[in-house]
Amino acid sequence: MKITFFDIYRNAEYKISKNTNSGMGTGNNYGTSYLAKIQNKLIKKAIHYPPQNCLYAMSILRVSGNDVNYSEKLIDNNSDLYIFTSSIVNFETELNSIKEFRQHTNVPFLVIGPFAEIQAEKYIDSDISGKTKIIIGEPESFFYENKKNNLLQVIEKSEKKIYSKNFYNLDLFPYPAWDIVFKSSERSNMRFLGNKKSVTIEGLRGCPYSCSFYCCYPNIQGKKLRIRNPENIFNEMCYMQDNLNVYNFTFRDPVFSIDKKNVNLLFNLIIKNKRKFNLCIETQLKDIDENDLDLMFAAGVKLIYVGIESSEEEVLKSVNRKNLSNNNIYEKIIKIEKKGIFVKGNYILGLPNDNYESCLKTIEFAEKINCTFAQFTVFTPMPVTPAWKNYKNKLDFKKYEEFTMWDLVIKHPNLEKKQIEKLKNRAALYYIKPKYIFKNLLKVFARAIF
Ligand code: SF4
């Protein structure tokens, strides 16, 4: 059977991703100032990955004997089944794509991803033929459970919402089908690891931490950790390098170093086998053991994303976020960067207890740390999170596509939209401070060749 995945993106001046936010997606809209617009353009060019569930779903379907294709454009290639990826950040565009493409074919459509689950009726109703169905749950699980069945018959017999609520360990699945993405000559890159080929990889899913109040990961992937075998992760990396010439790996784990034992096993495998990889990981600072920094560097970790969120204790408390003290954050980041590993500090403006001054303090704290990258998003109560219930009656948006994580979509008690825009533009100055230019700029450009 011929199957095509449509991974459709709206036109925007900034980067739109469905790979982030556990598949809900993000839109890096850094602001309206000249500097912010430059950042919008640079990041759009520098980083792009397809969604994780699509990569695994393609590989499972291919192993089941199907001819699987991937496209970021609507193309009629006589497939027997078209599968649309979904996200909040492209929602209205995706509805229009389904509507538009139905005019070209009468075959069934499936929609996958967490936002399709939340807005199932809207996706179903966008297709007048009634032949669009939604997978509720991880699509990998559905395709894996039906790998020996006639998929078209299963879909035909199913209700409009197809439930597949089991969570599987990713080790059960074939490696993500990056070759199919590369074959379609679509974009896939991560220039901050260098200009060699890049892919995403997952070492685990799930997160048990208390910031689940506002974060999508534990609410979509579950709080229980699904940890992969380090040997299988290593073998996947070697496979990607030997067969697809991939050197750069961005780990999409919510907290990469949460299981120190397995992480160190993976690092030791890389070192022992003399593999040269460039790794980007995301983790909590408190889960990085300073004694392991040499090991991390030797294994190829070049960039670490850490959530800092806010410099203000009361603001952090309001969202159940537990951080190291500000002094410890500062000292730890300095130590990591001294080892030659770049750090990106992630901050959130407009958290529930924030006001203009507290946001300014967070930006100034980021400038004091002065790490290689700093990212300032805007507090957004996503529909899967407990925060959504708190703000359900205080929402202020016209389209779901405004849920970029960089735009204010609520009536905030202390901040107006224009103040958030002003803060974003203020935050964009981060990269032109003399202190920043002196410490960071050359080394960033040396690594990221645009
Ligand atoms: S630790 Fe990170 S992934 Fe886990 S809930 Fe907090 S913000 Fe989300």
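Flag: residue 246 does not match the condition of being within 10 Å of the ligand (Cβ to nearest atom) and touching a helix residue (DSSP H, G or I) at 6+ places or on another chain (Cβ under 6 Å). Under the condition of being within 21 Å of the chain's Cα centre (by Cα), in a helix (DSSP H, G or I) and not hydroxyl-bearing (Ser, Thr, Tyr), the residues counted in segment 253-278 number 3. Scanning segment 180-239 for residues that are out of contact with any Ser or Thr (no Cβ under 8 Å at 6 or more places or on another chain) and within 16 Å of the ligand (Cβ to nearest atom) yields a total of 15. Out of all the residues in segment 1-51, which are farther than 30 Å from residue 148 by Cα and assigned to a strand (DSSP E or B)? Passing the criteria: 16, 17, 26, 27, 47, 48.
Can you tell me which residues in segment 364-388 are under 28 Å from residue 336 (Cβ atoms) and not in a loop (DSSP other than H, G, I, E, B)? If the condition is that a residue be under 28 Å from residue 336 (Cβ atoms) and not in a loop (DSSP other than H, G, I, E, B), then 364, 365, 366, 367, 368, 369, 373, 374, 375, 376, 377, 378 are the ones that fit. The residues of segment 279-326 that are more than 12 Å from residue 257 (Cβ to Cβ), within 16 Å of the ligand (Cβ to nearest atom) and not in a loop (DSSP other than H, G, I, E, B), listed by number, are 280, 307, 308, 309, 315, 316, 317.
Where strands (runs of 3 or more DSSP E) fall entirely within segment 157-252, those with at least 3 residues that are buried (at least 16 other Cβ atoms within 10 Å of the Cβ) are at 197-201, 246-251.
Remark: residue 198 matches the filter, which requires a residue to be among the polar types (S, T, N, Q), in contact (Cβ under 8 Å) with a residue 12 or more places away in the chain and either in contact with a Phe, Trp or Tyr (Cβ under 9 Å, 6 or more places away or on another chain) or in the same structural domain as residue 111 (by TED's automatic domain parsing) (or both). Residue 292 versus (1) touching a Lys or Arg at 6+ places or on another chain (Cβ under 7 Å); (2) farther than 30 Å from residue 137 by Cβ; (3) surrounded by fewer than 17 Cβ atoms within 10 Å (Cβ to Cβ): which is the lone unmet condition? For residue 292, the failing item is (1).
The values are calculated or read from the model by the stated rules, or taken from the named source; none is laboratory data. These figures come from a predicted structure and were not determined experimentally. Cβ sites come from the backbone with ideal geometry, for glycine too, and all protein chains shown count toward neighbours.
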